[in-house]
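S.K.: Shown below is the structure under consideration.
Read-outs throughout are calculated quantities, based only on the coordinates presented, and are distinct from any laboratory measurement. In this text, all values refer to a predicted model and were calculated from it rather than measured experimentally. No Cβ is skipped: glycine too gets one built from the backbone with ideal geometry, and neighbour counts run over all protein chains shown.
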Amino acid sequence: MTKSSRAAVFLDRDGTIIEDRGDLSQPSQVVLFPDTIPALKRLGESFDLFIVTNQSGVAKGTITMQDVALVNGHLTDQLAHYGIEFRAIYVCPHERKTGCACIKPNPFFMQKAARDFGIDLAHSFTIGDHPHDVIFAENAGATGIYVLTGHGIRHQNDLPQHTLVTSGIKEAVDQILRI
Ligand SMILES: [Mg+2]
Ligand SMILES: [Zn+2]
């Protein structure tokens, strides 16, 4: 897969690239997994990178959209130090019960990336620690990779059959670069 084909990897945030510590409102709460930086550096050499995150705490009032932006800005600044760049960070701030279009596993943000950045979804991937992250990929015609970090172990019995399950971000990236 070459960069010119514009395939992408859509990364979940909490439990996938940083520790899942609930609704984050401050940069100091961001804790990268030890493998995140080397893994994303390798991945970024071959794929466009996106973050797609459901942040229902915004709708519930426990955090604000400004909090989310501050945390995301801190995270991307940290990673930019290592040459890791994201094309976009997409946030769904809604609660599932409202039936919004953009919450994962709806393919909304992958389709937006296809329109806005010319991403080839059929050759793209998601990585995440919730079955919704895998179904998100399937709903967009992409491939989902599950990680057992974050909530991964707890929900692994709810995965679609034949899901590629990996122990964490490093192994997920190994799989993608091997496919
Ligand atoms: Mg997650
Ligand atoms: Zn939404």
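S.K.: Roughly what % of DSSP beta bridges within the chain run antiparallel, to the nearest 5?
M.R.: Given both bridge residues lie in the chain, the antiparallel proportion sits at roughly 5 percent.
S.K.: Separate question: Under the Karplus relation 6.51 cos²θ - 1.76 cosθ + 1.60, θ = phi - 60°, what is the ordered set of whole-Hz ³J(HN,Hα) values for the range 58-63, x standing for Gly and Pro?
M.R.: With coefficients 6.51, -1.76 and 1.60, one gets 5, 5, 7, x, 7, 9 Hz.
S.K.: What does the extension gain come out to for Asp120 and Lys60, with contour length at 0.36 nm per residue minus their alpha carbon separation?
M.R.: Separation in residues times 0.36 nm, less the Cα-Cα distance, equals 18.2 nm.
S.K.: Over the Cα atoms of the chain, compute the convex hull volume and normalise it per residue, giving Å³.
M.R.: 107 Å³
S.K.: Using alpha carbon centroids, what distance separates the range 101-140 and the range 34-89, in Å?
M.R.: Using only Cα atoms to place each centre, the spacing works out to 16 Å.
S.K.: Follow-up question, since we're still on this one. Once fully extended, how much extra length lies between Asp158 and Glu138, figured as 0.36 nm per residue of separation less the alpha-carbon to alpha-carbon distance?
M.R.: Additional length available on full extension: 5.7 nm.
S.K.: Testing the spin-label approximation: label points 7 Å from Cα along Cα→Cβ at Gln175 and Gln78. State their distance in nm.
M.R.: That separation, rounded to one decimal, is 2.4 nm.
S.K.: Could I ask something else about it? Report ³J(HN,Hα) in whole Hz for each residue of the range 139-148, in order, from the Karplus equation J = 6.51 cos²θ - 1.76 cosθ + 1.60 where θ = phi - 60°; Gly and Pro get x.
M.R.: 5, 9, x, 10, 10, x, 10, 9, 10, 8
S.K.: Contact order normalised by length for the chain, with contacts defined as Cα pairs under 8 Å and 6 or more residues apart; what percent is it?
M.R.: Worked out over the chain, it gives 25 percent.
S.K.: Let me ask something else about it. Which value in deg cm²/dmol, rounded to the nearest 500, describes the helix-derived mean residue ellipticity at 222 nm for the chain, given -39,500 (n - 2.57) per DSSP H run of n ≥ 4 and division by the residue count?
M.R.: Helices in the chain give a 222 nm mean residue ellipticity of -9500 deg cm²/dmol.
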